[in-house]
Amino acid sequence: MRNLARILKALADETRLAMFALLLHEGEMCVCDFVQVLGTTQSKASRHLRYLYNAGLIEDRREAVWVHYRVAEDLDSDRAALLELVRTLVTPERIRGLRERLAAWRDDKSRGKGCAAEPMV
């Protein structure tokens, strides 16, 4: 029960739920993507992502100074069930505004307005 409670606590925060939903619908994302899309600081974004990571819901990959996150591949049955529930309840339409901001940000990045110089840890 403790394990399930920890997973549910990780998803009980609106920011973390939005992050997880974006990862479900968009795939791998850099911390700088979350900073731009959610209008938060790098440290807050990293802290929320670390909470999801510690709950076993996401994995990370370092590329130079940047950290990229994606939904964990080998989820146990509890995590897999919650992933499907979130995927069902948080539809692309529900996060349309976030996805539009992400698309605009990715467009800016592709034109050389990449991630800020400040490293993401």
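Remarks
- Within the stretch 46-121, GluC sites (Glu not before Pro) in DSSP loop having at most 10 other beta-carbon neighbours inside 10 Å: 73, 93
- Computed per residue of the chain from DSSP H runs no shorter than four, each worth -39500 (n - 2.57), the mean residue ellipticity at 222 nm is -18500 deg cm²/dmol.
- Paramagnetic reach from residue 28 (point 7 Å along Cα→Cβ, amide N under 16 Å) across the stretch 60-93: 60-74
- When trypsin sites (Lys or Arg not before Pro) are flagged only if DSSP places them in a loop and at most 11 other Cβ atoms lie within 10 Å, the longest unflagged stretch of the chain comes out as 1-110.
- Taken over the Cα atoms of the chain, the convex hull encloses 96 Å³ per residue.
- Rounded tilt (10° steps) of 42-54 against the dominant C-alpha axis of the chain: 30 degrees
- Stokes-Einstein D for the stretch 1-48, Kirkwood Rh over Cα pairs, 25 °C, 0.890 mPa s (µm²/s): 216 µm²/s
- Span per principal axis, largest first, for the Cα atoms of the stretch 17-85 (Å): 32, 23, 19
- Lys, Arg +1 and Asp, Glu -1 on Cβ, resulting dipole of the stretch 2-110 about Cα centre, debye, nearest 20: 380 debye
Values in this text are rule-based calculations from the coordinates and carry no lab data. Predicted model, so just to flag it, every value in this text is computed and none were measured. Cβ coordinates were reconstructed from backbone atoms using ideal geometry, including for glycine residues, and neighbour counts include every protein chain displayed.
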